[in-house]
Amino acid sequence: MPDIAVVTLNALDESALEKELLICTPSRTWATAMLSARPYVDRADLLAAAAAAWRSMTSEDVAMALESYLPLSDPPDSAHAAAEHCALVASSAGRLAVLRERESRYRARFGFPVVIAAEGLTLDHILAEIDRRVTNDRVDELVVAQRHMAAIGKGRLATLIAKCEEDG
């Protein structure tokens, strides 16, 4: 029996699928690679295409995509972000001010917002992660940020797959 999510994704027109993919990872390079990998044979093929597309991103692609992420201290802009940042949503104003200061220091060092796969993390863990990462050089930080971007994207791709199963 065919996988309804894969059938649904294969059936979407290019612009509709691109819109969904850019929610998963805000990189045109990644989305273009995903579009060119269609039709997906099955779910494993879809996930392999996603992993290959994340690995193929250059440092410039990563830096451009990072600009599309909101600061962690901003109110969530989507259901995805709310689920990913649930520990932050419940934080006090004072604790969020500390996060904003750390984000500002990070952005001043690297030129892009900090991206952390934050789902399930406490604010203390997030602050420690920023403190650890701000000591990286830019090249190393882009590699770390790309891993976090891919982790966030995997979760969002799983949500997209689940949505396609429900709608299909």
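The values are calculated or read from the model by the stated rules, or taken from the named source; none is laboratory data. Computed from a predicted structure; not experimentally measured. Methodologically, a virtual Cβ is constructed for each residue, glycine included, from the backbone with ideal geometry; neighbour enumeration extends over all protein chains shown. Areas reflect the complete protein model, heavy atoms only, side chains present, ligands, DNA and RNA absent. Shrake-Rupley method; radii C 1.70, N 1.55, O 1.52, S 1.80 Å.
The local environment of Val6, defined by Cβ-Cβ distances under 15 Å, has a net charge of -4 under the rule Lys, Arg +1 and Asp, Glu -1. In the context of the full set of protein chains, the chain has a per residue accessible area of 51 Å² (1.4 Å probe). 3J(HN,Hα) along region 16-26: 5, 5, 4, 4, 5, 5, 5, 6, 5, 8, x Hz, from the Karplus curve 6.51 cos²θ - 1.76 cosθ + 1.60 with θ = phi - 60°, whole Hz, x for Gly and Pro. Once P(r) over Cα pairs in 5 Å bins from 0, in percent is calculated for the structure shown, the corresponding label among [x] 1, 9, 17, 20, 17, 14, 10, 7, 4, 1, 0; [y] 1, 7, 11, 15, 17, 15, 13, 9, 6, 3, 2, 1, 0, 0, 0; [z] 1, 8, 14, 15, 10, 7, 6, 7, 9, 8, 7, 4, 2, 0 turns out to be [x]. Highest mobility in the GNM of the chain, judged by mean-square fluctuation with C-alpha springs under 10 Å and restricted to Ala150, Ala51, Ala31, is found for Ala51. Using a 1.4 Å probe on the protein heavy atoms, what percent of the accessible area of the chain belongs to carbon and sulfur? Solvent-exposed carbon and sulfur of the chain make up 58 percent of the total.
Plainly put, region 1-45 has a radius of gyration that is 0.96 times its Kirkwood radius, both from alpha-carbon atoms, as the Rg/Rh ratio. Restricting to DSSP H runs of at least four residues, report the calculated mean residue ellipticity at 222 nm for the chain, -39500 (n - 2.57) per run over all residues, nearest 500 deg cm²/dmol. Dividing the helical sum by the residues of the chain leaves -22000 deg cm²/dmol.
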